[in-house]
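Enquirer: I have a structure here, written as structure tokens, and I will follow up with some questions on it.
Read-outs throughout are calculated quantities, based only on the coordinates presented, and are distinct from any laboratory measurement. Computed from a predicted structure; not experimentally measured. Backbone-built Cβ (ideal geometry, glycine too); neighbour counts: all protein chains shown.
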């Protein structure tokens with residue numbers, strides 16, 4: 001069966017990312033006064049021919065007339081195209097070498113350009129069929145060999161008839177002339193290759209759409225470079241994550257879907273059924289109920305700092321790694337806190353509102369500088385610590401309280417209790433996480449500890465503060481100003497009305513959960529989180545995962561990598577090693593880390609394995625998830 005399969009592959013926009021004649025135009029027309037117009041004409045003629053809308057020979061003649069190219073440009077063209085070989089082809093170079101006797105490059109392009117490039121990958125020059133240039137005595141390209149069957153309409157069909165390949169023939173290409181081979185009954189299947197270009201008319205005619213060579217090799221059980229085509233990894237991104245994140249995921253080859261708003265539990269439970277990677281922000285709740293439907297889910301990206309909207313334990317038990325962005329929006333939140341404190345100390349929210357009503361209230365009464373004031377930070381993590389540094393630099397005396405022992409930044413003073421902090425400072429700002437224990441940690445009792453005329457900020461989590469108690473103490477004057485960015489109940493979309501008992505209070509800044517919503521922060525998050533997810537998928541590394549044991553793994557070379565996630569129970573790694581030893585498989589590297597719930601073991605082996613090995617490893621009692629990386 002192996003010896004009876006033949007692979008017919010197109011060159012332009014398939015083997016390479018571009019059309020060779022378009023690139024030649026960039027060279028030959030470099031100094032032409034009408035370069036942009038001529039290049040556009042060139043592209044249109046190419047597209048018309050590839051879509052079957054223009055006779056191929058007519059298109060070729062017109063394109064060569066536009067090019068006005070010289071023989072001297074061809075070596076430069078070859079060098080440029082060497083850098084533009086399709087990414088998935090480069091990744092699967094072993095395929096071209098292993099099946100070189102059965103791979104044919106059949107192109108309507110030109111042999112002078114194609115042979116040097118495909119032979120680098122292991123393709124035999126004698127298996128390359130393409131047109132050839134004709135030159136005049138000055139070396140100018142004047143045309144092509146019109147006796148060559150590939151210069152004619154339906155030329156690929158005629159060539160396949162001449163080759164008379166005895167066996168199964170599979171065509172990979174992006175043009176109408178590639179489809180014609182199948183239509184003529186000379187190929188078993190036509191695979192529309194879409195890694196570089198998509199032509200709707202061709203997609204409609206394809207037996208299978210192939211976003212990469214990985215997909216084709218996977219279908220034919222010939223995949224060597226990666227175990228699973230990336231285009232089959234479905235990614236769902238919610239809540240308007242930054243466009244950088246979308247582009248990074250798409251460029252990696254994943255099948256990406258975006259939804260602008262949040263989804264409720266039932267909606268997400270339905271959408272998540274075939275999703276491998278989920279990306280959310282703070283409004284979408286990933287619950288145990290949703291995870292019951294998430295049988296393909298392997299990773300979650302929280303495009304924010306907090307993860308309290310995610311059932312981390314349920315994810316862990318299902319073998320789903322969760323990643324967040326613990327540092328990416330730190331500076332944005334700190335700047336908002338500083339800005340709001342200054343506004344509130346000067347009573348500016350009220351003065352601004354009065355001005356908009358036409359009232360002129362010029363007075364220094366109740367308006368204070370921040371220099372020398374005591375700032376109390378509750379929660380001395382990434383945000384709290386950076387706020388401490390910035391606040392001290394502009395004149396605050398900084399105090400902090402944290403349940404965990406933390407190193408004081410600069411001259412900050414640690415308080416031993418929340419009560420001590422509240423009684424001592426002029427301003428309290430919260431920067432704690434959303435764990436269950438923190439729900440309503442600030443209520444009537446805690447507010448009563450604060451000085452008369454204090455300032456209060458909650459830019460952390462909505463459920464941390466009892467908002468009815470906050471309203472009471474603002475109305476009494478104990479708290480003379482407050483800034484609140486997060487709320488126990490928040491709208492899911494910008495179209496939903498915001499409802500809160502805090503609305504209408506004086507000297508109160510209400511913001512719609514935008515502490516980290518700056519262009520810089522969202523761009524940082526949009527780059528950081530996808531990077532961690534991609535690293536996890538490609539290498540198994542779990543660095544910065546908030547629920548998995550953290551493992552930083554070396555780059556895999558000349559080996560296979562097996563990833564085993566299991567319940568944390570004795571004997572699993574010994575069982576894995578017994579199975580490998582029974583199949584005479586040598587271990588070249590092994591990495592294990594556990595937490596109280598799961599064990600995460602990576603095993604690198606240097607030998608081919610069969611499906612029985614995989615079946616046995618998956619069958620180990622206590623296995624949660626198993627996957628293979630090549």
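Enquirer: Going by the alpha-carbon gyration tensor, a ≥ b ≥ c the square roots of its eigenvalues, is the chain rounded (a/c under 1.5) or, if a/c is not under 1.5, prolate (a/b greater than b/c) versus oblate?
Expert: Prolate is the answer for the chain, as a/c is 1.5 or above and a/b outweighs b/c.
Enquirer: Could you state the angle between the C-alpha long axis of helix 56-67 and the longest principal axis of the C-alpha atoms of the chain, as a value from 0 to 90 degrees rounded to the nearest 10?
Expert: That helix lies at roughly 70 degrees to the long axis.
Enquirer: Let me know the shape class of segment 2-219, please: from the alpha-carbon gyration tensor, a ≥ b ≥ c as square roots of the eigenvalues, rounded when a/c is under 1.5, otherwise prolate if a/b is greater than b/c, or oblate.
Expert: prolate
Enquirer: Which of rounded, prolate, oblate describes segment 430-541, given a ≥ b ≥ c as roots of the alpha-carbon gyration tensor eigenvalues and a/c under 1.5 marking rounded, otherwise prolate only if a/b is larger than b/c?
Expert: prolate
Enquirer: Could you please state, rounded to a whole Å, how far the C-alpha centre of segment 200-264 is from the C-alpha centre of segment 588-630?
Expert: When both Cα centres are located, 26 Å separates them.
Enquirer: How far is helix 330-345 tilted, in degrees, relative to the longest principal axis of the Cα atoms in the chain, given as a value from 0 to 90 rounded to the nearest 10?
Expert: Orientation of helix 330-345: about 30 degrees from the principal axis.
Enquirer: Relative contact order for segment 129-181 using alpha-carbon pairs under 8 Å, separation at least 6, rounded to a whole percent?
Expert: Reported as a whole number, the value is 24 percent.
Enquirer: How much of the DSSP bridge set in the chain is antiparallel, in percent, rounded to the nearest 5? Present the calculation step by step, with values, prior to reporting the outcome.
Expert: On the way: 27 of 85 bridges.
Given both bridge residues lie in the chain, the antiparallel proportion sits at roughly 30 percent.
Enquirer: Have a look at the DSSP beta bridges in segment 2-219 and tell me what percent are antiparallel, nearest 5.
Expert: So the antiparallel bridges amount to about 20 percent of the total.
Enquirer: If each residue's Cβ is checked for other Cβ atoms within 10 Å, how do 415, 315 rank with the fewest at the top?
Expert: Taking fewest neighbouring Cβ atoms as first place, the list is 415, 315.
Enquirer: Could you order the peptides 615-624, 187-196 from most to least packed, using the average number of other C-beta atoms within 10 Å per residue?
Expert: Answer by packing, highest mean first, reads 187-196, 615-624.
Enquirer: Translational D (Stokes-Einstein, µm²/s) of segment 257-382 at 37 °C and 0.692 mPa s when Rh comes from the Kirkwood sum over C-alpha pairs?
Expert: Rounded to a whole number, D works out at 181 µm²/s.
Enquirer: Using only Cα atoms, find the angle between the long axis of helix 73-82 and the longest principal axis of the chain, and express it within 0 to 90 degrees, rounded to the nearest 10.
Expert: 50
Enquirer: Sort 155-162, 198-205 by packing, meaning the average of other beta carbons within 10 Å per residue, with the highest value first.
Expert: Packing proxy ranking, top to bottom: 155-162, 198-205.
Enquirer: I've got another one for you. Can you give me the relative contact order of segment 10-122 as a percent, contacts being Cα pairs under 8 Å and 6 or more apart?
Expert: 38
Enquirer: At a threshold of 8 angstrom on Cα-Cα distance, excluding pairs fewer than six apart, so keeping six or more, what relative contact order does the chain reach in percent?
Expert: 9
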